[in-house]
Each structure stands twice: as C-alpha cells, then as structure tokens.
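Take a look at the structure set out below.
Derivation of every value follows stated rules applied to the coordinates shown; laboratory data play no part. Since we're looking at a predicted model, the values are computed, not measured. So basically every Cβ, Gly included, is an ideal-geometry build from the backbone, and we count neighbours across all protein chains shown.
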C-alpha cells in the first residue's frame with residue numbers, strides 16, 4: 001500500500017510539471033518541520049474536539065527532550 005501511495009504522489013507531481021508547466025523544486029527539510037507543526041496543530045484540534053484537555057509540551061515539537 002505504501003508503494004502505491006508514493007507512486008500516486010509521484011504521478012501527481014509529474015502531471016503538474018507537464019500539464020501546468022510548473023518548474024519542480026525539491027523542498028528541503030524545513031518543509032517537513034512545517035508539516036510536522038501543521039499536523040500537530042490538527043491533531044491537537046481533533047483531541048480538543050473529542051473533549052481532551054491538552055497540556056503544552058515541555059520541549060518544542062520535533063526536538064527530542
């Protein structure tokens with residue numbers, strides 16, 4: 001299943017480059033940190049909507065304590 005997800009993502013990227021004429025740029029590790037923060041915010045929002053009380057982390061996200 002993981003292979004099919006990666007293959008689909010690659011096909012989407014290739015389609016965008018070919019059909020929209022967008023130049024592909026490799027995004028660096030800062031994007032993954034941004035994605036991690038976005039995902040954490042979504043997860044916190046979901047937990048709060050389920051009634052959980054969330055305490056702020058003692059260390060910044062992405063940095064092991």
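The table below gives the values:
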{"item": "Helical contribution to [θ] at 222 nm, DSSP H n ≥ 4, -39,500 (n - 2.57), averaged over the chain, rounded to 500", "result": "-21000 deg cm²/dmol"}
{"item": "From the coordinates shown, mean projected area of the Cα convex hull in nm² corresponds to which of (i) 6.5; (ii) 5.3; (iii) 7.0", "result": "(iii)"}
{"item": "Virtual spin-label span in nm between residue 50 and residue 7, 7 Å along Cα→Cβ", "result": "3.3"}
{"item": "Most to least packed among 22-31, 42-51 [average Cβ atoms within 10 Å]", "result": "42-51, 22-31"}
